[in-house]
Structure formats: structure tokens, C-alpha cells
Amino acid sequence: MANWTKIDQTVKRWIQEAGTNIRASFTNSLTIQTKSNPNDLVTNVDQETERFFIENIRSHFPDHRILGEEGQGDQIKSLDGVIWMIDPIDGTMNFVHQQRNFAISIGIYEDGIGQLGYIYDIVHDELYHARKGHGAWMNDTPLQKLEQVPVETAILGISATWLINNRHFDQNKLIQLAKDVRGVRSYGSAALELAYVASGRLSAYITMRNAPWDFAGGKMIVEEAGGIVSTISGEDIDMLSINPVFAAAPGLYEDILKKYLS
């Protein structure tokens, strides 16, 4: 049986070390490559950071499996056992162009159930973290349980990509939602936007395409803060596939799902 207290303490040390290394890279030249398209970037720092976590996991927890964005982990076909879902730098474009609004994201799941979640905003030294049944935290401060927010006072996290014609969803429904809420924000990092839902900085977050390493850590944190995370149709998220993701505070979740996403 996994010793989650030990794992939690160990991961937090690794995250701090990785964050220190990433901050140190700010003054160095980056090696930048593209993946699926010219806007899908990966740098040597992404790859080095993922390798850092993988080598440590393999050394300390050899029976655990790893699903990493940069493809250096395992070929995962099932959710059996303990699986680490890692995005070494979520928001690589922001990392390259702005050196802010990016994060390390890690979710650790056992037989498909989230046990530990971490999102580390490296620039601001804010570590959002959660353990199943123990609540959600930002650094040493517990996050308050999310309360109901009406649509008209909500702050929505959504990319402008989904407010123009696209093949994933009727943009007119989302445009109406964007008009009805108090404000709309986009940070370019799914992990940070989920962390902001958990902490109340955002009331809801919607995207049409997130991979498991994008949302694994954030899903855990939002849920431990009392929020709800699902697909945009209200179904359970497939933890091994690309999903549309909808996260929100309770009450607001039901209102948006019924009025704008159905």
C-alpha cells in the first residue's frame, strides 16, 4: 500500500528543486522545437525537467508508472496501479515569450482515483497542492471551500479560440456565456487556470482540448476545494485521453452546464 504522506513530502522537495532549476534557466538560451504545429512548443528545459522527475520516480518508486507530456515516460493503456501524470512546464509558450504564467503540473492517481495533485507557479512561488480527503492548499494556507457564485458575478477562464468558429462546440453558446459573466480571462496554462478555480481567482474554466497531464493535478485540487470537474457535457473525464474540460464552483457548475453547455 502506498505511503501517501511520504510520497507527498518527496514530491514537494522535487518540485522545489525543479522550480529552482527552471528559474535559473531564465538567463540561458533555449533550444525550442515544435511538435504537432508551429504553436505547440517544447524546449530543452521542458525535456530536462520531465527527465528529472522520471529519473527520481524510477529510483524511488520503481513500481509506479509515468505518463509525461514529452513522451519520456511509459506507454499507459490502463489506469491500474499508481500513475504519475506530469507536465514539466504547462504553458510553454508563456515560458518562452513571457517567463511567467506557466507551471509544473503533477497528478498522482491510483487505480484511476486521484490521490495527490500539485500545480507550482514557479515565478510567484505558489504551490497549489491537494491530497485526497485532506483538502486543498496554496503553500501552507488551506484553500477555503468554494461557495456558489451567480453567473452574473462570475469570472470565466476561457481562450478566445473557443469564442470564434471552431469544430468542437457551438461558439454562440460560449459567446453568450462570455457576455453574461462579469469578466473573461485567459492565462495560457490549463494547470494555472484550474488552480485559480480552486482558489477562487476564477469561478469557472472551460476548454475543448486538454490532455491528461494538463488537468490531472488541477482536477484533484479543484475537487478537494469543493469544486466540480467534468467534460463540457457533464460526464466523467477519461484520464487517458484528450478531453473537453469544465471546472467550476458548485451551483455555478450546474447553472452553466444547464443553460450554456447543454
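Rg/Rh, computed from the Cα trace of the chain with Rh as the Kirkwood radius, has the value 0.95. Shown here for the range 1-100: trypsin sites (Lys or Arg not before Pro) in loop regions (DSSP other than H, G, I, E, B) with at most 10 other Cβ atoms within 10 Å, namely LYS77.
Computed from the Cα positions only, the extents of the range 151-261 along the three principal axes stand at 29, 29, 25 Å, in decreasing order.
Compute the acute angle (0 to 90°) between the alpha-carbon long axis of helix 190-199 and the principal axis of greatest extent of the alpha-carbon atoms of the chain; round to the nearest 10°. Helix 190-199 and the main axis of the chain meet at about 70 degrees.
When only Cα pairs below 8 angstrom with a gap of at least 6 residues are kept, the range 66-199 shows a relative contact order of 19 percent.
Considering only GLN33, GLN171, GLN99, the mean-square fluctuation computed in a Gaussian network model of the chain, springs between alpha carbons under 10 angstrom, is largest for GLN33. Build a GNM of the chain with springs between Cα atoms under 10 Å apart, and of SER36, SER230, SER189 the one that fluctuates most is SER36.
Excluding the site residues themselves, the longest part of the chain lacking any GluC sites (Glu not before Pro) in a DSSP loop with at most 15 other Cβ atoms within 10 Å is 1-146.
With one equal scatterer per alpha carbon and no solvent term, the Debye-computed log10 I(q)/I(0) for the range 1-145 at 0.13 1/Å reads -0.58. Multiplying the residue separation of GLN9 and HIS60 by 0.36 nm and removing their Cα-Cα distance gives an extension gain of 17.1 nm.
Normalising the average separation of contacting C-alpha pairs (under 8 angstrom, six or more residues apart) by the number of residues puts the relative contact order of the range 151-261 at 28 percent. Springs between alpha-carbon atoms under 10 Å, Gaussian network over the chain: tell me which of ALA247, ALA191, ALA24 tops the mean-square fluctuations. Largest GNM mean-square fluctuation: ALA24. On the beta carbon distance between GLU254 and HIS168, with R0 = 25 Å, the FRET formula returns roughly 0.70. When the charge dipole of the chain is built from unit charges on Cβ atoms (+1 for Lys and Arg, -1 for Asp and Glu) and taken about the Cα centre, the candidate among GLN176, SER29, TRP84 whose Cα reaches farthest toward its positive end is GLN176. Counting 0.36 nm for each residue step from GLU17 to ASP40 and taking away their Cα separation leaves a gain of 5.7 nm.
Note on LYS35: aspartates and glutamates with a C-alpha under 12 Å away, same-chain residues under 8 apart excluded, are GLU69, GLU70.
Per q in 0.12, 0.15, 0.16 Å⁻¹, report the Debye log10 I(q)/I(0) for the range 87-222, using one uniform scatterer on each alpha carbon and no solvent. Log10 I(q)/I(0), no solvent term: -0.48, -0.74, -0.84. Checking the Cα-Cα distances for LYS173/LYS258; LYS179/LYS258; LYS179/LYS259; LYS219/LYS259; LYS145/LYS219; LYS12/LYS77 against a 19 Å cut-off, the pairs over it are LYS219/LYS259; LYS12/LYS77.
Computed on the chain, with alpha-carbon pairs under 8 angstrom and 6+ residues apart, the relative contact order is 16 percent.
Since every read-out is calculated from the coordinates, none of them should be taken as a lab result. Quantities reported herein were computed from a predicted structural model and do not represent experimental measurements. Note that each Cβ is placed from the backbone with ideal geometry, even for glycine, and that neighbours are counted across all protein chains shown.
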